[in-house]
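The values are calculated or read from the model by the stated rules, or taken from the named source; none is laboratory data. Computed from a prediction, not measured in an experiment: that's the story for all the values here. We place every Cβ from the backbone using ideal geometry, glycine too, and count neighbours over all the protein chains shown. These accessible areas exclude ligands, DNA and RNA; they are computed on the full protein's heavy atoms, side chains included. Shrake-Rupley method; radii C 1.70, N 1.55, O 1.52, S 1.80 Å.
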Amino acid sequence: MARDTTDFSPIESTDELVGYLAAGNKPRDKWRIGTEHEKFPFYVDGNAPVPYAGPRGIKALLDGMKDKLGWEPIIDAGNIIGLVEPTGQGAISLEPGGQFELSGAPLETIHQTCREGNAHLAQLREIAEPLGIRFLGLGGSPKWTLAETPKMPKSRYEIMTRYMPKVGTKGLDMMYRTCTIQVNLDFESEADMRRKMQVSLKLQPLATALFANSPFTDGRPNGMQSWRGDIWRDTDNQRSGLLDFCFSPDFGFADYVDWALDVPMYFVIREGHYIDMTHMTFREFMTGKARNEVPDAMPTMGDWANHLSTLFPDVRLKRFLEMRGADGGPWRRICALPAFWVGLLYDAEALAAAEELTRDWTFEEVLAMRNAVPEQALATMFRNRSLMEVAREVIAISRLGLTNRGRKNRDGYDETSFLSTLDEVVARGTTSAHEMVNAYHTRWGGSIEPVFMEYAY
């Protein structure tokens, strides 16, 4: 999230919190695709991490992008920490370890998404190359230790950094050493949200397996295909993971609100300052518990929007649904991830097929799959068949959905071409992570350094 919200409208009741989510309902002709992708900046000389400050640092990158794009700077305690397109059509933000993120504009087709991603990377290279910087498309930082990883001067991250070790063993790795590709998708009603939430929660471990791309840590293989997926198993389980109540046949906005109210907060913003609120839940905040700590202590809709942005389930509900299971990867995957989910969720026939396939999958079964995938990826067994077999069926459903959408580019090609990366994974029978580990043990000669050439933007 590039910019935290400062909506000072007071909250009078929990019904307003439910209404906030329900306001995301959109007719089908207004559905859009918002793609986010993160990447690790590194210096070409020595494959070293890029700090925030200095003439060749992250700040210089942001300043250069600001001048090139004309986007508005986002300032936190005097530091530029992001950029936003003036009409809200996209933003650039920093993750805690300097991971550079584009939050794309809400677009109508994957063709537009791919053009947007290519334009962003071209613009970024124009600024970065004179500084000796390139970008790495992986799901996990392959070389630098946590101590070697830079820290960005962003107030919410200071609060999170203090809090994470209290609630899990891997939260700092999540913050500082992972990257993702994510797509944000719309719904037309509470019932439509429920169907999409349930299908996508059940299939999120499959997405983790298909996009597994983080097999190295601290310069050597870590025994995982998606180290990032493993990290999310013990980051902060109060606010992340697989949500059992979402599997209920009558799950709705109010259920998500009820859960979110009892998750500890991170912060509130008052007069431009971030106040640490990790010691209370939003429900407690609404009772006036913070009256001695926070100016104007009663919660606002901005506080609620910010709180929702600090919840990390595998599929996050805001005024849209966020698919959060995939590792970051090479540029082709920036297009493949939204294509996979759009095909499954934006066509009625495909959604019905995906729903039928997963209808009787239980929470316990999906949780077991989620726990096995970081290490086993597509070799994970589910109901006596491998996820590789499940992947073939699900990709076929996604292809059906994209075909039915019929969104063609100027050359007459529809969106199914963007699934080719996933077709290759299934045809090859191995993930990107598996291929990298094989290269490490053979042609890379036991060195991590070639990854910075072969997986760089």
Quiz item: Do we have any residue at all in the range 78-99 that's exposed (fewer than 15 other Cβ atoms within 10 Å of the Cβ) and aliphatic (A, V, I, L, M)?
Solution: no
Quiz item: Being in contact with a Cys (Cβ under 9 Å, 6 or more places away or on another chain) and either surrounded by 18 or more Cβ atoms within 10 Å (Cβ to Cβ) or modelled with pLDDT of 95 or more (or both), is that true of even one residue in the range 155-169?
Solution: no
Quiz prompt | Of all residues making up the range 317-345, the number that are open to solvent by 20 Å² or more (accessible area, probe 1.4 Å) and at pLDDT 95 or above | solution = 4
Self-check item: Positions within the range 427-447 being in contact with a helix residue (DSSP H, G or I) (Cβ under 9 Å, 6 or more places away or on another chain), part of a helix (DSSP H, G or I) and open to solvent by 20 Å² or more (accessible area, probe 1.4 Å), in sequence order
Solution: Arg428, His434, Glu435, Tyr440
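Table: residues versus (1) among the hydrophobic types (A, V, I, L, M, F, W, C); (2) in contact (Cβ under 8 Å) with a residue 40 or more places away in the chain; (3) closer than 27 Å to Arg392 by Cβ; (4) in contact with a helix residue (DSSP H, G or I) (Cβ under 6 Å, 6 or more places away or on another chain).
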position: Gly140; (1), (2), (3), (4): no, yes, yes, yes
position: Tyr157; (1), (2), (3), (4): no, yes, no, no
position: Leu172; (1), (2), (3), (4): yes, no, no, yes
position: Ala212; (1), (2), (3), (4): yes, yes, yes, yes
position: Ile231; (1), (2), (3), (4): yes, yes, no, yes
position: Ser248; (1), (2), (3), (4): no, no, no, no
Practice problem: Note down all Cβ pairs under 6 Å where the first residue falls in the range 351-373 and is touching a residue at least 40 places away in the same chain (Cβ under 8 Å) and farther than 22 Å from Arg28 by Cβ, the second is open to solvent by 60 Å² or more (accessible area, probe 1.4 Å) and part of a helix (DSSP H, G or I), and they're at least six residues apart or on different chains. | Solution: Phe363/Asp244
Self-check item: Tally of residues being buried (at least 19 other Cβ atoms within 10 Å of the Cβ) and within 27 Å of Met265 (Cα to Cα) across the range 118-149
Solution: 3
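Criterion first (surrounded by fewer than 21 Cβ atoms within 10 Å (Cβ to Cβ), polar (S, T, N, Q), in contact (Cβ under 8 Å) with a residue 12 or more places away in the chain and farther than 18 Å from Tyr163 by Cα) does Thr300 satisfy it?
Details: surrounded by fewer than 21 Cβ atoms within 10 Å (Cβ to Cβ): yes; polar (S, T, N, Q): yes; in contact (Cβ under 8 Å) with a residue 12 or more places away in the chain: yes; farther than 18 Å from Tyr163 by Cα: yes.
It is true that Thr300 is surrounded by fewer than 21 Cβ atoms within 10 Å (Cβ to Cβ), polar (S, T, N, Q), in contact (Cβ under 8 Å) with a residue 12 or more places away in the chain and farther than 18 Å from Tyr163 by Cα.
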Quiz item: Looking only at helices (runs of 4 or more DSSP H) that fall completely inside the range 312-425, which ones have 3 or more residues that are among the basic types (Lys, Arg) and more than 25 Å from Arg177 (Cα to Cα)?
Solution: 387-405
Quiz item: Just checking, how many residues over the range 358-399 are surrounded by fewer than 16 Cβ atoms within 10 Å (Cβ to Cβ) and in contact with a strand residue (DSSP E or B) (Cβ under 6 Å, 6 or more places away or on another chain)?
Solution: 0
